[in-house]
There are 4 protein chains.
Amino acid sequence: MPIRVGVIGAGVMGADHIRNLSTTIGGAKVTFVADLDAGRAAAAAPPSARITTDPTELINSSDVDAVVVASHDSTHAGLVLECFEAMTPVLCEKPLAPTLLESLEVVAADADIVAATGASLLSLGFMRRFDPGYVALRQAVQGRVQGEPLMVHCVSRNAAAGPGTTSELAITNSAIHELDIIPWLLGSPVTEVSWQAGKQTSRAEPGLQDPSFMTLRTADGTLTTLELYLNAQYGYTTRCEVVSEQGTTSLQESSLLGIEQDGTRQAVIPADWRPRFADAYRLQLQAWISALAGGEAPSLAGAQDGLNASLVAQAMIQSLHSDGTTTKVSYS
Amino acid sequence: MPIRVGVIGAGVMGADHIRNLSTTIGGAKVTFVADLDAGRAAAAAPPSARITTDPTELINSSDVDAVVVASHDSTHAGLVLECFEAMTPVLCEKPLAPTLLESLEVVAADADIVAATGASLLSLGFMRRFDPGYVALRQAVQGRVQGEPLMVHCVSRNAAAGPGTTSELAITNSAIHELDIIPWLLGSPVTEVSWQAGKQTSRAEPGLQDPSFMTLRTADGTLTTLELYLNAQYGYTTRCEVVSEQGTTSLQESSLLGIEQDGTRQAVIPADWRPRFADAYRLQLQAWISALAGGEAPSLAGAQDGLNASLVAQAMIQSLHSDGTTTKVSYS
Amino acid sequence: MPIRVGVIGAGVMGADHIRNLSTTIGGAKVTFVADLDAGRAAAAAPPSARITTDPTELINSSDVDAVVVASHDSTHAGLVLECFEAMTPVLCEKPLAPTLLESLEVVAADADIVAATGASLLSLGFMRRFDPGYVALRQAVQGRVQGEPLMVHCVSRNAAAGPGTTSELAITNSAIHELDIIPWLLGSPVTEVSWQAGKQTSRAEPGLQDPSFMTLRTADGTLTTLELYLNAQYGYTTRCEVVSEQGTTSLQESSLLGIEQDGTRQAVIPADWRPRFADAYRLQLQAWISALAGGEAPSLAGAQDGLNASLVAQAMIQSLHSDGTTTKVSYS
Amino acid sequence: MPIRVGVIGAGVMGADHIRNLSTTIGGAKVTFVADLDAGRAAAAAPPSARITTDPTELINSSDVDAVVVASHDSTHAGLVLECFEAMTPVLCEKPLAPTLLESLEVVAADADIVAATGASLLSLGFMRRFDPGYVALRQAVQGRVQGEPLMVHCVSRNAAAGPGTTSELAITNSAIHELDIIPWLLGSPVTEVSWQAGKQTSRAEPGLQDPSFMTLRTADGTLTTLELYLNAQYGYTTRCEVVSEQGTTSLQESSLLGIEQDGTRQAVIPADWRPRFADAYRLQLQAWISALAGGEAPSLAGAQDGLNASLVAQAMIQSLHSDGTTTKVSYS
């Protein structure tokens, strides 16, 4: 029998999850969709699914075996805790919660469930962990194919920042991907960070320093650099180059077609993260559903990963507010 | 309810289809697997599926809504005709049949069913039609983004030819992909072909001229060239460049990682067709299952496409046997 | 003492040669420039050089040690023969002559000089032989780095054909580069050729079939293909891929800068042959001057190479006029 | 008449200069070569040139119009001052001098000559300013093709550090290229810098932190990052990416040939800086000689550029010794 999934939030992310669950992965069926806007829920849901504006109704419905939380960040912690109460497995989009306090609360509740049942109910949507490029990069790094990693260079560019994005939200919402993927890639926690401003683009709203430049030191000594540029205009770019003792390995930015026209050789750059990480989202959902169907622990990021990334983000924000001083990450 | 699929043939292709149907696409479930080698069938089948060495039992089973034929080429026509008798939708791996006579028989039977029911039961596994690169290339060509297409250059290289491959089988088994994809890409049938030998590689078995070089003229006047090289050693390559009035558009050969090591910049080349066309096989199966589930006609290649490709192959073999003379394709 | 060079023809090619001889190579000085248009000659010549509208005056001047012929193709043979009479070394732009008859005459006169003096006076401007990419490609092929070459794929595209270019001139003026470089690359003469039309671009003048597609068979059995497209619009492209037993080696189309802008990754494509082969022209001139200064035989193409290329061109034109029939090349 | 050049130092760099001056640029002739090792001088010098172990003899020789200083760094300042005394134009390899004190002395002497004669005698060998890629990049940046530059990412990797290289010498000898090229590229002086260690490679000698990571802030606000890795093993890499308001422009790492072999697509990476910057050295020498021949001021870097780069290097070393603290550059 397919896993019957309820999806909370039918915005861009939620609608993508619903489409994937219904058409591009095996073993699942969307039975319930909740959104404050019932019309939006209906538009995204398959015909056979129930619709509600009340997520609590969905979480506690007998038609739902598992829940995807893709609603606004501010709702994540509360909805996850409700799922815990209903003992329902939940895949929550990152971040775990906008504030550390809420993250800590969820981690604690999750720990209680693990203590009681031996298994976590929570999977966190750091989908890059399922991107075939990052997966292959991690295999190469952890296999020490080129010896010890010494430095990692990351670049993360969006075409345009979301309205109201501040320098802090740029860290908690965008850089958060690197703050999770680097410790995952290197198998070593971030110990200290630093933040610097690039020259300010005229395109950034007040309150957002853009671009910004960050460094992360992990416990294994590797130094990672990250350029974050949310108003890059030209398109969406994610780069990750691992510099090791005997060589370098980096994600390839590929495109379907090569074009020669008007005096230039061209390749299309994705406009946003969705085409770039379409495989990652699909493979992440498939891993989650297959694990639930097989009664195994999903291999997705968990509550502690979400908390760790938030703690690194907090240290980065501290550095931002202290003139770029290198700041330790405190995990206690 | 998921479409219950029976898979005939649990070799490389069949096992891939079973894995896809069970884990990476939505709306399907493998309920029955047939192979002459019961052990091979059991090894490939999900635990819940029935096993048989008798494909007829599978085709006529009440546990099966649709059939995938991935057995030896020589069995394709017979099994498809059995499916027709059982009025069961069937996805048959290319080629439709090794001989024209069998292809004609299947096309005729298919036409009878269409006449009787208004819909075909047969979909043919020319999976390249679902490769995201070819799909994007076709959109660009048919959208005349760069004006009229004037020439197309194709390259098709395998690391090593299958045992017993002859110059003729190279055409009916390997070049057959281009003989189908070019008319599909250009929206115009192949009218004439020519065949030439490259210098013979010392790696080819007797009976196989390798590499070979072919040209196809389509009704729209476009000239397509194809290098087919089955013992290329270094890996698997598929190239397709459309040269139009204002520019060129070509498939990009991408790899997950870029590597710098030992004095060279490197990117991995797939060893065979499976990693290169993994998306195509998955998307093709998903399109077939979604169409069956939705009661629509699948958008896959059909019987006539299979026959057309075989007729072009026949003309190519004629050219091969007539010193490369340009040979008309007869569709009557 | 620098070699004092007289340049006949101050058009695009002649002016480039004058600039190179004066500023970017060692051991030469332009002392005399001839052009039917004295103004054009003066504009191209260095201040210290003499100007004339009479090439014979230049050839026989005591201020000239060596002559570069860069005037209209139709004048090549006559001027070369005058240089022979004046026993003056001459670098003549390709082609040797527009007609076979004239080529044969020059080759005979050259042979007489070689018989009399032990050295040829004539070097022919097939500059691709000095292009660092072709040089490296030849080293790899002749070093059998990847085993026996089996096929070669060439592409030669201009943005726009010269006014009055016919299908025949496209062969004698443009394809002539490949008709020379392939035997040089493989170390094996062309034995047979074939010509086919692509679909006609609406941009071609009457009398020019564009694009066209040619094959060359060399004595070593290798099959070379050549797409020639003179109205490609988008820019200038030269490709050469050698397909061998263990792999492929191809010229890289490089550009100085990689650009990300407006949703695409871009690299500039040269507008015409001059930036693409700037190094080749400079290195060719340097090799000629250094050989003359050192009293050695220049390593440039010679009279026989020019004749050979013309004989292959003649066979190709024959194929063009005989419906693409594969046509033997006659060197006798 | 060609400019008669004396070359001091016939090591790797000196020998390259001698070869270029003699064979690949116009308007020059090597008449005198000095090296402590007379044998090495003779091996590098053209037959017609005089040889000495005494550079003072060369500087004051009537056979010498201009001097190239390519001897050990420690000799640069003294030899340049001797050339000033002999009123002989001099091209000195970078760095201007190993110590600031010596640099200041040379700058002062140069200023006196400029005051007295209206022209400087000194050109400094920051050859990257003549690399066609950097030149094109500068044109794009200064032409604001993509709007304001906001960040620049540089990578500089050697296969192996020179014996005895310390963290400080890595800055004054290797990073010095970026410390010069960034202000030249952006048209804005460096105002502050910071230094961080990457994880240490097991290949580095004691005293050398490798790799290291540096940032430069220029007066225009642009933040530049530089990874310097001297024991990268795999080859020589120079990268420079300018991130601007509307897009990015970066140097392309090109190679002559593309290779497909053993399951990978490969391109050769230069083993060291010489093939990578061969054009730059040739074009720099040609610009110097052409300027001297034409009585114009050479467009090469000058004394002040050398001093400026040394002052930035000094600040970087200060940051290195103060735990990476961001350190102002003082130009007074």
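The values are calculated or read from the model by the stated rules, or taken from the named source; none is laboratory data. Given the structure is predicted, the values throughout are model-derived calculations rather than measurements. Virtual Cβ from ideal backbone geometry, glycine too; neighbours counted across all protein chains shown. Heads up: the accessible areas ignore ligands, DNA and RNA and are worked out on the full protein's heavy atoms, side chains in. Shrake-Rupley method; radii C 1.70, N 1.55, O 1.52, S 1.80 Å.
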**Item:** Against the rule of thumb 2.2 N^0.38 Å, how large the Cα Rg of chain D comes out
**Value:** 1.01
**Message:** Going 7 Å from Cα along the Cα-Cβ axis for the label, what nanometre distances separate A:ASP323 from the same residue across the other copies?
**Reply:** 1.4, 8.7, 8.8
**For A:SER299, inter-copy label distances in nm, listed shortest first [label point 7 Å out on the Cα-Cβ vector]** = 3.1, 5.5, 5.7
**Message:** Need one number: % antiparallel among DSSP beta bridges in chain D, to the nearest 5.
**Reply:** 55
**Request:** For peptide D:238-248, compute the average count of partner chain beta-carbon atoms within 10 Å of each residue's beta-carbon.
**Result:** 6
**Request:** In debye, nearest 20, what is the charge dipole magnitude of the protein assembly as shown about its Cα centre with +1 on Lys and Arg Cβ and -1 on Asp and Glu Cβ, if you could check?
**Result:** 0
**Complete:** On protein heavy atoms with a 1.4 Å probe, the accessible surface that disappears when C meets D, both sides summed and given to 100 Å², is 2300
**Request:** Starting from the Cα of B:ARG239, step 7 Å along the direction of its Cβ; do the same at C:GLN200; then give the gap between the two resulting points in nm.
**Result:** 2.9
**Asked** Cα gyration tensor of region D:121-237, axes a ≥ b ≥ c as square roots of the eigenvalues: rounded (a/c below 1.5), prolate (a/b > b/c) or oblate?
**Response** prolate
**Asked** What are the DSSP H helices in chain D that stretch 20 Å or more along their long axis, judged by alpha-carbon atoms, and whose average Kyte-Doolittle hydropathy comes to at least -1.0?
**Response** D:100-117, D:278-294, D:303-320
**Prompt:** For region C:221-332, what relative contact order do you get, as a whole percent, if you take Cα pairs closer than 8 Å and at least 6 residues apart?
**Reply:** 14
**Request:** Just read off the accessible area of B:ASP65 with the full protein assembly in place, 1.4 Å probe, to the nearest 10 Å².
**Result:** 60
**Asked** Given the protein assembly as shown, what percent of its DSSP beta bridges are antiparallel, to the nearest 5?
**Response** 60
**Prompt:** Across peptide B:22-30, how many C-beta atoms of other chains are within 10 Å of each residue C-beta, on average?
**Reply:** 6
**Prompt:** Quick one: how many Å² of C:SER62 are accessible to a 1.4 Å probe, rounded to 10?
**Reply:** 100
**Complete:** Computed over chain D, the relative contact order (Cα-Cα under 8 Å, seq sep at least six) in percent reads 19
**Request:** Please work out the Cα center distance from region C:24-54 to region B:118-160, rounded to the nearest Å.
**Result:** 56
**Request:** Pick out, from B:ALA15, B:SER120, B:SER62, the residue whose Cα sits farthest towards the positive end of the charge dipole of region B:3-125, with +1 on the Cβ of Lys and Arg and -1 on the Cβ of Asp and Glu.
**Result:** B:ALA15
**Prompt:** Can you pull the accessible area of A:SER255 for me, 1.4 Å probe, Å² to the nearest 10?
**Reply:** 20
**Message:** Counting just the Cα atoms, what span does region D:3-125 cover along each of its three principal axes? Round to the nearest Å and put the largest first.
**Reply:** 39, 27, 24
**Whole-number percent relative contact order across region A:3-125, with pairs defined as alpha carbons under 8 Å at least 6 apart** = 23
**Complete:** For A:THR56, inter-copy label-point distances (7 Å, Cα→Cβ), nm, shortest first, read 6.3, 9.7, 10.9
**Item:** Euclidean distance between Cα centres, region A:280-295 to region D:231-248, Å
**Value:** 38
**Message:** Tell me the per residue accessible area of chain C using a 1.4 Å probe; a whole number in Å² is fine.
**Reply:** 36
**Net charge over other residues, Cβ less than 13 angstrom from the Cβ of B:SER174 (K, R count +1; D, E count -1)** = -4
**Asked** Smallest Cβ-to-axis distance in chain C, for the rotation taking C to A: which residue, how many Å?
**Response** C:GLN266, 3
**Asked** With respect to the cross-link table entries B:LYS199/C:LYS94; C:LYS94/D:LYS94; D:LYS29/D:LYS94; A:LYS328/D:LYS94; A:LYS94/B:LYS94, which display a Cα-Cα separation exceeding 32 Å?
**Response** C:LYS94/D:LYS94; A:LYS328/D:LYS94; A:LYS94/B:LYS94
**Item:** DSSP bridge orientation in region A:3-125 - percent antiparallel, rounded to nearest 5
**Value:** 0
**Request:** Hey, for a label at A:ALA219 modelled as a point 7 Å past Cα toward Cβ, could you say which residues of region A:294-310 have their backbone N under 19 Å away?
**Result:** A:301-310
**Complete:** Across A:266-274, the residue-averaged tally of Cβ atoms belonging to other chains within 10 Å stands at 4
